[in-house]
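Asker: Here's a structure for you.
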Amino acid sequence: MQVAVVIPAYKPGRALVDLIRELVKTPIESIVVIDDGSGPKYQQLFEEVRRQDRVTLLRHGVNLGKGAALKTGINHVVCDTPRHLGVVTADADGQHEAGDILDAAEHLTRNSRCLILGSRQFDQRSVPWKSRFGNRLTRTLVRLVVGQRLTDTQTGLRAIPMEFLPTLLRIQSGGYEFELDMLIAAKHHGIPI
């Protein structure tokens, strides 16, 4: 499957190693993990990740933020594997399973011009009211700006077409806001979500 998985990681736990071990069992062609300045304490964990088949490990000397780490991985894919259909991004904290990542990659192979978003399901009783309010507000604002109702605007599970990747590299944001900026850029560049 000509798709790369890009995983930004800052001070990850064992869930990252477990996820990588599951991903290498799939037909995903390449996996790019970005150590976003986690520090010496995490080197052994990242070395374990790097030793896995089809994994490329990239490093930031200091923590630059999730958006910057995603752009580092995206840039690597654009430069080193331009024949890929695109990338699937996933979080390093274990909230995305290998099967969900593979599903997103398969959707990308069938819809190679679309930005595909995963959607997390929350038990609303366990989400603090401030987070529920913030998520609802963000969804409303995104609907107004993007013109589309999206159930999870903050998801890290995204399948991104290759043609859209150079545009994302030009986005100035480097933190969590990069994922919101991605949705706005998709709207402005005619990339269906």
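Asker: Taking into account only those residues within region 155-172 that are in contact with a Leu (Cβ under 8 Å, 6 or more places away or on another chain) and open to solvent by 10 Å² or more (accessible area, probe 1.4 Å), which is modelled with the lowest pLDDT?
Answerer: Among those that are in contact with a Leu (Cβ under 8 Å, 6 or more places away or on another chain) and open to solvent by 10 Å² or more (accessible area, probe 1.4 Å), it is 157.
Asker: For region 13-38, which residues satisfy the criterion of being of a type outside the set (A, V, I, L, M) and closer than 19 Å to residue 174 by Cα? Break it down into steps so the answer makes sense when it comes.
Answerer: If we filter region 13-38 for residues that are of a type outside the set (A, V, I, L, M), which is where we start, we get 13-14, 18, 21-22, 25-27, 29-30, 35-38.
Within region 13-38, 35, 36, 37, 38 meet the criteria.
Asker: May I ask you to verify whether residue 14 is of a type in the set (Lys, Arg) and under 19 Å from residue 89 (Cβ atoms)?
Answerer: Numbers: of a type in the set (Lys, Arg): yes; under 19 Å from residue 89 (Cβ atoms): no.
Considered against the rule, which asks whether it is of a type in the set (Lys, Arg) and under 19 Å from residue 89 (Cβ atoms), residue 14 comes out as no.
Asker: Taking only pairs six or more apart or across chains, which ones have beta-carbon atoms under 7 Å, a first residue in region 89-117 that is over 22 Å from residue 49 (Cα atoms), and a second residue that is of a type in the set (Gly, Ala, Ser) and assigned to a helix (DSSP H, G or I)?
Answerer: 115/186; 116/104
Asker: Let me ask something else about it. Pairs only if they're at least six apart or on different chains, beta carbon under 8 angstrom, first in region 60-71 and open to solvent by 20 Å² or more (accessible area, probe 1.4 Å), second modelled with pLDDT under 95 and of a type in the set (Asp, Glu); list them, first residue then second.
Answerer: Short answer, once both residue conditions are applied: 66/179.
Asker: Let me ask you something else. Need the failing condition index for residue 17 against (1) part of a helix (DSSP H, G or I); (2) under 15 Å from the mean Cα position of the chain (by Cα), just the number.
Answerer: (2)
Asker: Of all residues in region 173-191 being over 14 Å from residue 68 (Cα atoms) and part of a helix (DSSP H, G or I), which is most open to solvent (accessible area, probe 1.4 Å)?
Answerer: Filtering region 173-191 for residues that are over 14 Å from residue 68 (Cα atoms) and part of a helix (DSSP H, G or I), the one most open to solvent (accessible area, probe 1.4 Å) comes out as 188.
The values are calculated or read from the model by the stated rules, or taken from the named source; none is laboratory data. Just so it is clear, the structure is predicted and the values come from calculations on it, not from any experiment. Every residue, glycine as well, gets a Cβ built from its backbone with ideal geometry; the counts of neighbours run over all protein chains shown. To get the accessible areas, we keep the full protein, side chains included, count just its heavy atoms, and leave off ligands, DNA and RNA. Shrake-Rupley method; radii C 1.70, N 1.55, O 1.52, S 1.80 Å.
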